[in-house]
Amino acid sequence: GENVEQHPSTLSVQEGDSAVIKCTYSDSASNYFPWYKQELGKRPQLIIDIRSNVGEKKDQRIAVTLNKTAKHFSLHITETQPEDSAVYFCAASNPGGGNKLTFGTGTQLKVEL
Amino acid sequence: GAGVSQTPSNKVTEKGKYVELRCDPISGHTALYWYRQSLGQGPEFLIYFQGTGAADDSGLPNDRFFAVRPEGSVSTLKIQRTERGDSAVYLCASSLSIDRGSDTQYFGPGTRLTVL
């Protein structure tokens, strides 16, 4: 089955700096890669996703890049703000598996003033 | 519109008891997923439904766990003879379908299960 690894487990940045979180996956059949933000005690919320037919996607301060050959994808947050502080999870799925998501172990992002 | 809802939000039970956790997906969503999230970990897949049928239950840890979705909308996750190791947040998610472009999964707030 799919295995997703995520790094780093914790990340501390100064407000206004950029943050990068990286994930690798094992199943070459995976073709959908969402990123979820989860605040303490809250539900995971989708912030951005990418499919295997594109290499990069951007939405305002958030971007995701995908390298299918290397089987890794990354989340980039620019101009970080205190409200970006949360746990971020990457995930992967493939249509043959009913789109069930395999999640990484999460990155605790802390944006310091 | 209304998002995915789950009840109860918290459930405390004693070892050996039976519990039911309920999920109300977004109206019209045909796919429904159950995940379990332990402290400090990412959600782990348990089971998913396409309509009324369980299309993949490969993530259920053992036969104490069972889920149903009799009318293709609300789903209930049932845990028999609960054990302390079952303590976790149980998350439900739904998507419009499993087709590309309609497969974004929206999560509910979860049920925090504590087995004493």
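The values are calculated or read from the model by the stated rules, or taken from the named source; none is laboratory data. All of these numbers come straight from a predicted model, not from anything done at the bench. Neighbour counts are summed over all protein chains in view; Cβ atoms, including those assigned to glycine, are modelled from backbone coordinates with ideal geometry. Just so you know, the surface numbers come from the protein's heavy atoms only, side chains and all, with ligands and any DNA or RNA stripped out. Shrake-Rupley method; radii C 1.70, N 1.55, O 1.52, S 1.80 Å.
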Legend entry - Output for the stretch B:103-116, where each listed residue is within 10 Å of chain A (Cβ to nearest Cβ), hydroxyl-bearing (Ser, Thr, Tyr) and open to solvent by 40 Å² or more (accessible area, probe 1.4 Å): B:Tyr106
Legend entry - Residues that are in a loop (DSSP other than H, G, I, E, B), open to solvent by less than 40 Å² (accessible area, probe 1.4 Å) and more than 7 Å from chain A (Cβ to nearest Cβ), drawn from the stretch B:27-50: B:His29
Inset, instruction - Could you check, for the stretch A:28-50, whether at least one of its residues is away from chain B (no Cβ under 12 Å) and over 29 Å from B:Pro25 (Cβ atoms)? - result: yes
Inset, instruction - Only residues that are of a type in the set (Gly, Ala, Ser) and over 14 Å from the mean Cα position of the chain (by Cα): list them for the stretch B:88-116, please. - result: B:Ser97, B:Gly101, B:Ser102
Legend entry - Candidates B:Arg100, B:Arg22, filtered to the one that is modelled with pLDDT under 95, of a type in the set (Lys, Arg) and open to solvent by 60 Å² or more (accessible area, probe 1.4 Å): B:Arg100
Inset, instruction - Of the numbered conditions (1) away from every other protein chain (no Cβ under 14 Å); (2) assigned to a loop (DSSP other than H, G, I, E, B); (3) of a type in the set (A, V, I, L, M, F, W, C), B:Leu60 fails exactly one; give the number of that condition. - result: (1)
Inset, instruction - Scan B:Ser95, B:Ser73 and give me the residue that is touching a residue at least 12 places away in the same chain (Cβ under 8 Å), within 14 Å of another protein chain (Cβ to nearest Cβ) and under 27 Å from A:Asp49 (Cβ atoms). - result: B:Ser95
Inset, instruction - Kindly indicate whether B:Glu71 is open to solvent by 80 Å² or more (accessible area, probe 1.4 Å) and either at pLDDT 95 or above or small (Gly, Ala, Ser) (or both). - result: no
Legend entry - Failed item in (1) under 25 Å from B:Tyr48 (Cβ atoms); (2) part of a strand (DSSP E or B); (3) of a type outside the set (D, E, K, R); (4) free of Cβ contacts under 8 Å to residues at least 24 places away in the same chain, with A:Thr65 passing the rest: (1)
Legend entry - Some residue of the stretch B:78-96 being open to solvent by 30 Å² or more (accessible area, probe 1.4 Å), within 24 Å of A:Pro95 (Cα to Cα) and part of a loop (DSSP other than H, G, I, E, B): yes
Inset, instruction - Would you check which residues across the stretch A:71-110 are over 16 Å from A:Lys22 (Cβ atoms), more than 14 Å from chain B (Cβ to nearest Cβ) and not in a loop (DSSP other than H, G, I, E, B) and list them? - result: A:Pro82, A:Glu83, A:Asp84, A:Lys110
Inset, instruction - Count, please, the residues in the stretch A:71-100 that happen to be at negative phi and modelled with pLDDT under 95. - result: 6
Inset, instruction - Filter the stretch A:51-62 down to residues that are within 14 Å of chain B (Cβ to nearest Cβ) and in a strand (DSSP E or B) and give me whichever is least open to solvent (accessible area, probe 1.4 Å). - result: A:Arg51
